[in-house]
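Visitor: I'd like to ask some things about the structure below.
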């Protein structure tokens, strides 16, 4: 039961989640840079 | 304000109180009162974390910040995802494994009671005062714009939430925050929709952003570099956001009990982690959206003619002084520039004259110069701060939003304040009971549940007192408290970093390092006021978090070289 509760959702391990969060940050910074270049 | 707007405000606020009381049923012990019996799923943890961080000022000053300075403020949040990852790896498993009630409880197991008491004291000092000011800050804006009595505005802003916070503890806080944050999103989205649809027919979102960008409002990413190299006093750029913001977020989410208390309510490690990581995913887009509303308000006013100050009451006050004629002359020049600017804006948005960019920038700089002159005039005439950043969005709400939506937006300001204040009161009570009262009484407290309710009530009344006292001290106090956190957060984080990563450092080395670095940080911040220290560089307050935490780590390591090693038990226990 506890094992089931602690199971990492979607990814095999929490590392997958950490990479996702950091990758989204990188993508957002990239998008913001493009927005700045386009509109500023 | 129409009767409909008042009805919306009363229904929303009363609804939240009733809902909070309805959700107040919990077991009558510390686990139930402070941690909701560790029963929360990740999405409630997420909304509670967001509701705690997003205060009324977030929604008032965010759009105003973008109006005045552009989108670059969003970079301030770049450190959050990085901090969420570190907290999930290090802080969450340890706090949950030790089943602590407060973050500082861990320090007594890892170090000793003096280090725990020092850290908890710094938290209570900083959070206690800032909670009072977080009642006062939105109250003063609402009372200035709508003519409300500041005493009663403070009472509603800080008083009514005490009812459900005292009654239901962490459970009532989390459930009400969920409703509050959902309502805030809905209201802000509606405000954004009304804004875009009230622009001229030939101005869509893309053209509006081009116009805002031409006048310097789409500066989302900035490097902080100037002709003379990197500007360390520049508050918002990608480096201060990533590095300074990382340390600030690590300290706020990892060691501030108002946030730690939220994810300790989770069912297990998995739910705590998911709540925090989702916060890392959604926080930056959310802030981007709030700032974007500010850019759209800026564009909106290019077609309507912005006032010289969004704080109407300041204009009235200056008019009642001998500076009245100076104001009239300034107003005339400002209106003339606005008229010229309106013509240039229309030609720009028609697309008929793309060469208008230079002219637009020139006129905008001129208009901003007059707004800056008005601030100086206010200072000379009244001695008050003329900065109207916090008034921009609410002034727009007051003058341009339709009936009903205006009431909803004002209710949302109260809800945002309640969400963060309720979490703060809950955490202040938790730390007072668990870190001070119980240890000082030798852990022989017969009824900690009722004691905790009294502490929550006590901190609530204290916060209202601080808010009422702030009314006498004025606007400058808000700025002082904004930097107060940065004076303490770095040292608090440093203590936790030593606890987590320097297994051989003991309590005495860490305690001594923390005291010395805290004194150093305060001296560094006030260096301009101390003749002997004027040679020190001016540093933006965001960097103080990094300096404070690294200072404690380095100094504790150094002191430990001359002290006996801590017992193996205390190291392995943690």
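Visitor: What distance in nm separates the two pseudo spin-label positions at residue B:28 and residue B:535, each 7 Å out from Cα along the beta-carbon direction?
Guide: Those two pseudo-labels are separated by 6.5 nm.
Visitor: Please report, largest first and rounded to whole Å, the three semi-axes of the ellipsoid equivalent to the stretch B:312-386, where each semi-axis is the square root of five times an eigenvalue of the C-alpha gyration tensor.
Guide: Details: eigenvalues 191, 23, 15 Å².
After scaling each eigenvalue by five and taking roots: 31, 11, 9 Å.
Visitor: Per residue, what volume in Å³ does the convex hull of the Cα atoms of the stretch B:59-118 enclose?
Guide: Working: hull volume 8.2 nm³, N = 60.
Roughly 136 Å³ of hull volume per residue.
Visitor: With axes computed from alpha carbons, what is the tilt in degrees of helix B:507-525 against the longest principal axis of chain B, rounded to the nearest 10 within 0 to 90?
Guide: 20
Visitor: To continue, here is another question. Of A:29, B:57, how do they rank once you tally other Cβ atoms within 10 Å and put the fewest first? Display every interim value, and only then the final one.
Guide: Numbers: A:29 18, B:57 21.
Fewest-to-most ranking of A:29, B:57: A:29, B:57.
Visitor: Could you state the angle between the C-alpha long axis of helix B:405-431 and the longest principal axis of the C-alpha atoms of chain B, as a value from 0 to 90 degrees rounded to the nearest 10?
Guide: Result, in degrees: 20.
Visitor: Just from the alpha-carbon atoms, what are the Rg and Dmax of chain B in angstroms?
Guide: Looking at chain B, its Cα Rg and Dmax stand at 24.6, 79 Å.
Visitor: When only C-alpha pairs under 8 Å and at least 6 residues apart count, what is the relative contact order of chain B, in percent? Mind showing how you got there, number by number?
Guide: Details: 914 pairs, mean separation 175.9, N = 574.
31 percent.
Visitor: Fewest to most neighbouring Cβ within 10 Å: what's the order for B:228, B:332?
Guide: Numbers: B:228 6, B:332 10.
Arranged by neighbour count, lowest to highest, B:228, B:332 become B:228, B:332.
Visitor: What FRET efficiency do you get for residue B:43 and residue B:94 if R0 is 30 Å and r is their Cβ-Cβ distance, rounded to the nearest 0.05? Can you show the working numbers first?
Guide: On the way: r = 24 Å, r/R0 = 0.79.
About 0.80, to the nearest 0.05.
Visitor: A further question on this structure: Calculated from DSSP H runs of 4 or more alone, at -39500 (n - 2.57) each and per residue, what is the 222 nm mean residue ellipticity of the protein assembly as shown, nearest 500?
Guide: Working: 25 runs with 446 residues, N = 614.
When only DSSP H runs of four or more count, the value is -24500 deg cm²/dmol.
Visitor: I'd like the orientation of helix B:542-560 relative to chain B: the angle between its Cα long axis and the longest Cα principal axis, in ° from 0 to 90, rounded to 10.
Guide: So the inclination is approximately 20 degrees.
Visitor: Using 10 Å bins from zero, what percent of all Cα-Cα pairs in the protein assembly as shown falls into each bin?
Guide: 3, 16, 26, 27, 17, 8, 3, 0
A short reminder: the numbers here are calculations on the coordinates, not readings from a lab. Computed from a predicted model, the values in this text were never measured in an experiment. No Cβ is skipped: glycine too gets one built from the backbone with ideal geometry, and neighbour counts run over all protein chains shown.
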